[in-house]
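First up is the structure itself, then whatever we jot down about it.
The values are calculated or read from the model by the stated rules, or taken from the named source; none is laboratory data. This is a predicted model, so every value here is computed, not measured. Every residue, glycine among them, receives a Cβ derived from its backbone with ideal geometry; neighbour counts consider all protein chains shown. SASA here: full protein model, heavy atoms, side chains in, ligands and nucleic acids out. Shrake-Rupley method; radii C 1.70, N 1.55, O 1.52, S 1.80 Å.
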Amino acid sequence: MLENIGAFLWGPFMLTILLVVGVYFTVGTGFLPIKRFGSMFRLTLGGMKKKKTSGSGVSPFAAMSTALASCLGTGNIAGVASALIMGGPGALFWMCASAFISMALKYAEVALAIFYRRRRPDGGWLGGPMYYMEHGLGLKKLAVLFSSVCLLSTLGTGNLTQIGAMSGALKSAYNINPLYVGIGAALLAALTVFTGIKGVSQVAERLVPFMSILYTVGAVAVLVANASEILPALESVISSAFGLKQAAGGAAGYTFAMAARYGVARGVFTNEAGMGSSPMAHAAADTDNAAHQGMWGALEVFIDTIVMCTLTGITILVSVPLAGDGVALTGTAFASVFGAGGEGFVAVSLSLFAIASVMGWSCYGEVCCAYLFGNKKLPLTIYRCLYVAAIPIGSVIAMDKIWLFTDIANCFIMLPNLLALVLLSGKVFKLTGKEFGNKRRKISSKNL
């Protein structure tokens with residue numbers, strides 16, 4: 001039943017919606033993230049040291065790191081491998097293609113999250129789709145629906161997928177009992193989950209760059225060792241994406257459908273564009289410029305999918321045949337260069353990514369909890385306890401079931417958010433025009 005639901009949702013139905021909405025915002029913003037690609041880096045990483053936080057929020061970089069912590073997870077290692085196994089090499093093409101149009105989508109939802117956010121009692125910020133649904137559209141019921149579904153999804157997407165892949169990798173590499181991994185991960189996550197979004201952002205600000213660089217160095221080493229296979233791998237990605245080799249046998253349509261289905265689905269899982277989750281982390285940023293923080297969101301998609309996922313995908317394609325389990329496949333690719341230590345390297349990298357994702361998703365649950373129940377300590381404490389308690393469950397559930405649940409949950413989160421984004425597109429285009437189109441007064445959260 002789950003397979004049938006997932007196949008329907010991530011067939012032409014969802015792919016068409018994502019494509020149309022993504023292209024709509026890409027064109028509507030004047031191809032902003034692509035046309036102003038250099039400015040994206042200048043306005044984000046280039047300006048990190050220019051402004052200090054006021055203490056009421058977190059830095060724009062810390063906000064992006066928190067969002068990246070939730071994005072850079074099993075999707076970048078196990079998810080990419082799974083997409084290649086199920087959809088063939090062409091899945092990597094559609095993953096990156098969807099990411100290019102998703103940059104404008106993430107820019108839009110982050111900008112709206114900054115514009116419509118509200119102050120917390122402690123002086124910090126609360127924002128996200130539920131706030132622009134209520135205050136931008138006046139659709140309180142839609143906001144409640146989104147918050148409720150997202151709150152439940154954090155216990156699956158934020159926990160089960162990450163810990164399931166992590167426990168599988170550690171069992172394969174070091175023969176550690178998966179349940180022990182789940183319990184250990186729960187105890188480790190509890191140290192940060194109970195500190196709230198500010199505590200998580202402080203950890204993410206340091207952990208995300210470290211784990212990203214560590215994994216990138218390992219992947220580049222595999223690519224250098226298999227340099228002669230890079231061009232053939234890229235050719236297979238293009239030909240498989242459109243079913244060119246299969247056309248003679250009449251299977252081109254099926255190959256294209258599988259590549260697009262799994263490439264886009266796993267791409268959305270990794271960068272979360274359109275899901276409305278990452279804007280909750282970005283809303284905590286100590287900035288009064290909605291458009292600039294939106295560029296941090298676009299950069300997030302670029303780093304997560306176009307850089308990290310491509311690294312994993314090409315690393316696998318140049319070194320091993322596409323067969324087996326996602327985590328094991330990535331481990332085998334690294335083992336082709338690093339020997340027995342390669343699988344251990346992937347297991348450690350995946351563990352860092354998974355723990356970071358668990359921390360990041362806990363922040364999203366807290367924002368949903370605060371919106372649904374107000375800033376009350378009891379509901380928040382109950383949620384945190386449930387979130388941590390759910391972590392070990394992911395270590396003992398089969399990964400294929402978890403991936404099915406995740407794909408379906410992501411779709412039900414995206415639909416109300418995409419609707420809200422389209423209805424508020426005029427505000428996004430106005431923000432973009434005033435910031436990047438002319439030099440008139442900027443619109444920011446100060447103008448509410």
Considering amide H positions built from the backbone, and no H for Pro or chain starts, which residues 5 or more places from W125, or on another chain, come under 5 Å of its amide H?
R120
Can you put F345, F353, F405 in order of accessible area, largest first, using a 1.4 Å probe?
F405, F345, F353
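Are there trypsin sites (Lys or Arg not before Pro) in segment 157-249 that DSSP puts in a loop and that have at most 16 other Cβ atoms within 10 Å, and which ones?
Working: sites: K171, K198, R206, K245; in loops: K245.
Here the sparse-neighbourhood loop sites are K245.
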The rounded separation in angstrom of the Cα centers of segment 8-49 and segment 78-92 is 22
So, for the chain, what is the accessible surface per residue at a probe of 1.4 Å, expressed in square angstrom?
38
Between F194 and L214, Cβ-based FRET efficiency (R0 25 Å, step 0.05) works out to 0.40
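Apply the Kirkwood formula to the chain: the hydrodynamic radius equals the inverse of the mean of 1/r over all pairs of different alpha-carbon atoms; give it in Å with one decimal.
Over the chain, the inverse of the mean reciprocal pair distance is 21.6 Å.
Could you grab the relative contact order for the chain? Cα pairs under 8 Å, six or more apart, rounded to a whole percent. Provide the component values of the computation, followed by the final result.
Working: 798 pairs, mean separation 156.5, N = 448.
For the chain, the relative contact order is 35 percent.
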Length gain on complete extension for the stretch N375 to F31, per 0.36 nm per residue less the alpha carbon to alpha carbon distance?
120.0 nm
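All other residues with a Cβ under 14 Å from the Cβ of G75 taken together, and with Lys, Arg as +1 and Asp, Glu as -1, what is their net charge? Working shown, then result.
Details: positive: R266; negative: E272, E300, D304, D407.
Neighbour charge sum, excluding G75 itself: -3.
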Hydropathy first: keep DSSP H helices in the chain averaging at least 0.0 on Kyte-Doolittle, then drop any whose Cα extent along the axis falls short of 27 Å, and list what survives.
90-115, 196-225, 252-271, 340-373, 399-423
Count neighbours as other Cβ atoms within 10 Å of each site's Cβ, and list the trypsin sites (Lys or Arg not before Pro) in segment 375-423 that are DSSP loop with at most 15 such neighbours.
K376
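Sorted by accessible area with a 1.4 angstrom probe, largest first, how do W361, W94 fall? List each step's numbers first, then the result.
Values: W361 5, W94 50 Å².
Sorted descending by solvent-accessible area, the residues read W94, W361.
Per the 1.4 Å probe, what fraction of the accessible area of the chain, in percent, lies on carbon and sulfur atoms?
68
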Just report the Cα centroid separation between segment 100-171 and segment 302-360, whole Å.
27
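On full extension of the chain, what length is gained from E3 through E235, given 0.36 nm per residue of separation minus the C-alpha to C-alpha distance?
Details: separation 232, 0.36 × 232 = 83.52 nm, distance 3.06 nm.
So the chain would gain 80.5 nm between E3 and E235.
What does the charge count near T154 come to, summing +1 for each Lys or Arg and -1 for each Asp or Glu among other residues with Cβ under 14 Å from its Cβ?
Details: positive: R384; negative: E272, E366.
Net of charged neighbours comes to -1.
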